[in-house]
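Participant: Questions regarding the structure given below will be posed in turn.
The values are calculated or read from the model by the stated rules, or taken from the named source; none is laboratory data. What you see is a predicted model, and the numbers here were worked out from it, not measured in a lab. Every residue, glycine as well, gets a Cβ built from its backbone with ideal geometry; the counts of neighbours run over all protein chains shown.
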């Protein structure tokens, strides 16, 4: 009986190892923020990750606003704070002329650094306000502030980003 | 003696007529004109950043050369202030200036021609109330032979179906409203449809996307084709993307669409956004 158990164990373990190896390979892919950014390196990767992270926070807030995720003012505050923190890093991850590889940044950023800079500061201000209203019972005031944060994202993408995705 | 039934029918007819007319005039004409102005996205192309509104001057780089948008502010000598309603309607629906010159299709009269006469008049009257700026138009810088304007008559022959929007009686009012916006004043089809060799819309592939869009952008398709990301979105997702620019993965739209959202879609009524969605959801890939 004991022998039988042992032999079963011996047969099983290589399978377990395989499963573990496969998981080790697959999980990072599942967790990787966006396939489109695969292959980005250095500061370009850094800012793409920063943008992805911000997108995820925005998505989570939208989910709460639209009732897809349970509303939680604590979490809402945390998401707003993450966006605020990211906004203060944006300028640092756009050193002049960093347009290599997967980058979707437009040279207009450095031609019009003043506006780019102003928009990042606006994002800081608007996300700070979002953090302040996150605890309000009045959802409409949160939605209104969320829209202002979103408008800042959109305005910046309008002038300074060109999608490289050639898919339809 | 008149048949009472006929009298009743006549009365009913008058009643319906009055109601229909009042439904159209319940909003002030100027408000309607302003709404159409946003719907048409006039400001997106006829204004430049930090420039005078509607005074034109925006450079549009295309495969045929660079177009510069003209002044449409109501200035009498450099803008369109001296045009009467008919002149304006001719420009918008025939692609022809009041003095008989053909317009290049970078001005999307191919779509604006679908607009109703009343909508065009309301739009014109609203533009008339805007501030006038004296700014002389910059001439287009086009390659030969595209710089020969009279040749546009041939372009129109092949690419311009000059008719107002035809209601599809097999579809709902909402669907028709959406189709009117997308193919008419909203002129979505102009960027979201691939073009043929001479720059006409490939209507066989309506809204299928244009990998070689304006400003070198790849413009996504809006049909239900599985390759189009919009085919995976709910109606609410589509509306939210038009209102705020946010798409389901948390990203925000930008580029030329950023201007469209800013000047047009974020300013539309819920009803119109819903109508657009109903229409888009019905376009097969």
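Participant: Failed condition for residue A:163, given (1) within 14 Å of chain B (Cβ to nearest Cβ); (2) assigned to a loop (DSSP other than H, G, I, E, B); (3) surrounded by fewer than 17 Cβ atoms within 10 Å (Cβ to Cβ), with all others met?
Facilitator: (3)
Participant: Let me ask you something else. Please verify whether the stretch B:222-243 includes one or more residues that are buried (at least 22 other Cβ atoms within 10 Å of the Cβ) and facing chain A (nearest Cβ under 7 Å).
Facilitator: no
Participant: I'd like to verify a number: residues in the stretch B:262-285 that are at the interface with chain A (Cβ under 10 Å from one of its Cβ atoms) and either in contact with a strand residue (DSSP E or B) (Cβ under 9 Å, 6 or more places away or on another chain) or within 12 Å of residue B:182 (Cβ to Cβ) (or both), how many?
Facilitator: Number satisfying all stated conditions: 0.
Participant: Those residues that are in a loop (DSSP other than H, G, I, E, B) and closer than 27 Å to residue A:148 by Cβ, I need them from the stretch B:196-247; list them, please.
Facilitator: B:217, B:220, B:233, B:234, B:244, B:245, B:247
Participant: With the requirement that a residue be within 10 Å of chain A (Cβ to nearest Cβ), buried (at least 16 other Cβ atoms within 10 Å of the Cβ) and either closer than 17 Å to residue B:161 by Cα or free of Cβ contacts under 8 Å to residues at least 24 places away in the same chain (or both), what does the stretch B:198-221 give you?
Facilitator: Within the stretch B:198-221, B:209, B:210, B:218 qualify.
Participant: While we're here: So if I check each of B:113, B:77, which one is in contact (Cβ under 8 Å) with a residue 24 or more places away in the chain and surrounded by 20 or more Cβ atoms within 10 Å (Cβ to Cβ)?
Facilitator: One residue alone meets the criteria, B:113.
Participant: Let me ask another. Only one of these conditions is not met by residue B:195: (1) touching a residue at least 40 places away in the same chain (Cβ under 8 Å); (2) within 26 Å of residue B:261 (Cα to Cα); (3) within 21 Å of the chain's Cα centre (by Cα). Which number is it?
Facilitator: (1)
Participant: Just the residues that are under 12 Å from residue A:59 (Cα atoms) and facing chain A (nearest Cβ under 8 Å), please, taken from the stretch B:244-254.
Facilitator: B:246, B:248, B:249, B:250, B:251, B:252
Participant: Are there any pairs with C-beta distances below 6 angstrom linking a residue in the stretch B:148-162 that is in a helix (DSSP H, G or I) to a residue that is at pLDDT 95 or above, with the two at least 6 apart or on different chains, and if so which?
Facilitator: What qualifies is B:149/B:102; B:152/B:102; B:159/B:200.
Participant: Also: I need the full set of residues from the stretch A:60-83 which are in contact with a helix residue (DSSP H, G or I) (Cβ under 9 Å, 6 or more places away or on another chain) and more than 17 Å from residue A:131 (Cβ to Cβ), in order please.
Facilitator: A:66, A:68, A:69, A:70 - these are the residues of the stretch A:60-83 that are in contact with a helix residue (DSSP H, G or I) (Cβ under 9 Å, 6 or more places away or on another chain) and more than 17 Å from residue A:131 (Cβ to Cβ).
Participant: Give me the helices (runs of 4 or more DSSP H) completely within the stretch A:53-154, filtered to those with at least 2 residues that are more than 14 Å from chain B (Cβ to nearest Cβ) and at pLDDT 95 or above, ordered by residue number.
Facilitator: Per the criteria, A:73-89, A:113-133.
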